[in-house]
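Here, each number is a calculation from the coordinates, and none is a lab measurement. Note that the coordinates shown come from a computational prediction; the quantities given were computed from them, not determined experimentally. Don't worry about glycine lacking a Cβ; one is built from the backbone with ideal geometry, like all the others, and counts go over all protein chains shown.
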Amino acid sequence: MSDHAEHHGPSYITIWYILIGLLGLGLLGMGIGNKYLAIGFIFLIAIVKAILVGRYYMHLKTEASIVYVIFFVPVLLLFVLAFLLVPDIIYRPS
Amino acid sequence: MSAAADATHDHPYELTPVPTAKLGIWWFLASEVMTFGGALVCFILARIHAGGWEDMAHHVSTTIAAINTVILVTSSFTIVEAHAAVIANNQKRAGNYLLITALLGCCFMMMKAFEYSREFSHDLFPWTAPFWGFYYALTGLHGLHVLGGIVIIGYFGFLALWGTNWHLYKHRVEVIGLYWHFVDLVWIFLFPLVYLS
């Protein structure tokens with residue numbers, strides 16, 4: 001965000017309240033009986049928290065498209081590289 | 001005239017609508033994505049292959065980690081407020097928020113030191129088992145980033161409150177803020193990976 005840009009949307013303190021609330025929700029998620037459902041829920045909460053921090057605290061909401069290209073290409077590459085390693089883990093004898 | 005053309009007209013050395021310093025920190029953060037991402041992916045795959053490591057994972061303190069999450073999220077709030085104060089030309093407020101952020105970073109590190117001493121007292125060292133190797137490597141690497149952030153943020157806090165020529169440095173608050181938010185982002189994923197699952 002440039003120095004001249006104004007902050008739109010929820011206030012920073014509102015985002016903080018939501019983040020703390022989501023932390024509590026994530027901790028409650030540990031109590032879900034099904035292990036895989038619990039892990040899925042906890043990581044869903046983490047993704048929502050990351051989106052909130054990126055969008056409102058890092059101001060990605062108002063950022064130029066070149067920043068998205070710089071930041072998200074490595075993220076995409078990371079998923080590709082991780083996916084390529086999955087068969088090695090699945091088919092490797094324990 | 002387009003935004004990019006406007007930017008190059010105002011700042012002839014900048015070829016994009018994003019200031020060079022900010023572009024530089026985004027490149028740095030992109031490289032950090034690969035550093036932390038690679039380590040986290042290794043941890044996830046090794047854990048899946050080993051069958052979960054649940055027996056070892058339940059030794060880590062979720063309470064300490066949750067307190068540290070509150071501290072780090074709060075520090076993200078305070079540094080974004082410091083940036084807002086810079087935009088509002090309120091030097092004193094910016095300095096106060098920067099020093100509060102550095103202080104919260106110190107609290108995080110103290111909690112981390114307490115957590116490590118707790119693990120050591122239970123004979124849980126990096127060489128005890130692969131889980132503990134990953135645990136110390138991931139949280140240690142993150143801790144080093146927090147430590148670096150504390151030094152930089154503290155320095156700029158002192159500059160804002162007691163330094164001269166603040167107008168030359170104030171634009172860097174946004175850049176260090178982006179770094180600090182990234183450190184927070186890494187913790188947002190480390191917390192469930194190491195402490196909750």
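Within the range A:31-40, not a single residue is out of contact with any helix residue (DSSP H, G or I) (no Cβ under 8 Å at 6 or more places or on another chain) and under 25 Å from B:Asn90 (Cα atoms). Among residues of the range B:44-64 being in contact (Cβ under 8 Å) with a residue 40 or more places away in the chain and assigned to a helix (DSSP H, G or I), the one that is nearest to the chain's Cα centre (by Cα) is B:Ile64.
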